[in-house]
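Here is the structure we will look at.
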Amino acid sequence: MQTNSKNFLILNALKKMNVVAVLPHGLEEAGAQELQSLGADLIRTSRGSVECQVDLACFYRLNLQARLPFRILREIGRFSCFSKESLYNSIQN
C-alpha cells in the first residue's frame, strides 16, 4: 500500500500543470522573467497576468519565492461555456 501512494506522489510531482500568475499592470515582462528564473516553462504574457507550465516543485517554489505576483492560480479544468447550463454541466463532470 505504501509503494502505491509513494508512486502516485512521484508521478504527480513530475506532471506539468498550467498556472496563471496575477500581476500588477505594467509588470508582466518583469514577472515573466522572475517566473522563468524560478523554473517555469512555456511562459506567455497577457494583460495583468502571466501563464506558464510548472511541475509541483516549481509550483511550491513560485508560491514561496516569487515577489511580483499577487496570486499564483492553478488550472484545475478547462471547458467551453456558452450558457449557465453548460457551465453547470461542465463543472459537475
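When only the Cβ of Lys, Arg, Asp and Glu is charged (+1, +1, -1, -1), the dipole of the chain relative to its Cα centre reaches about 220 debye.
Solvent-accessible surface of the chain, averaged per residue with a 1.4 angstrom probe and all protein chains in place: 77 square angstrom. Split the accessible area of region 19-93 by element, probe 1.4 Å, and carbon with sulfur accounts for 51%.
What does the net charge come to around residue 32 if you take all other residues with beta carbon closer than 14 Å to its beta carbon, with K and R at +1 and D and E at -1? Net local charge, residue 32 excluded: -2. Overall size of the chain from C-alpha positions, given as principal axis extents largest first: 46, 41, 19 Å. Taking the charge dipole of the chain about its Cα centre, with +1 at Lys and Arg Cβ atoms and -1 at Asp and Glu Cβ atoms, the residue from 25, 35, 63 reaching farthest to the positive side is 63.
Annotation for residue 92 and residue 30: the two label points, set 7 Å from Cα along the Cα-Cβ direction, are 4.7 nm apart. Excluding residue 19 itself, what net charge comes from residues whose Cβ is under 14 Å from its Cβ, given Lys and Arg +1 and Asp and Glu -1? Local charge sum for residue 19: +2. Once the other residues with Cβ under 15 Å from the Cβ of residue 45 are scored (Lys, Arg +1; Asp, Glu -1), what is the net sum? Computed value for this residue: -3.
The values are calculated or read from the model by the stated rules, or taken from the named source; none is laboratory data. All figures in this text were calculated on a predicted structure; none of them were measured in a lab. No Cβ is skipped: glycine too gets one built from the backbone with ideal geometry, and neighbour counts run over all protein chains shown. These area figures cover heavy atoms from the full protein model, side chains too; ligands, DNA and RNA do not enter into them. Shrake-Rupley method; radii C 1.70, N 1.55, O 1.52, S 1.80 Å.
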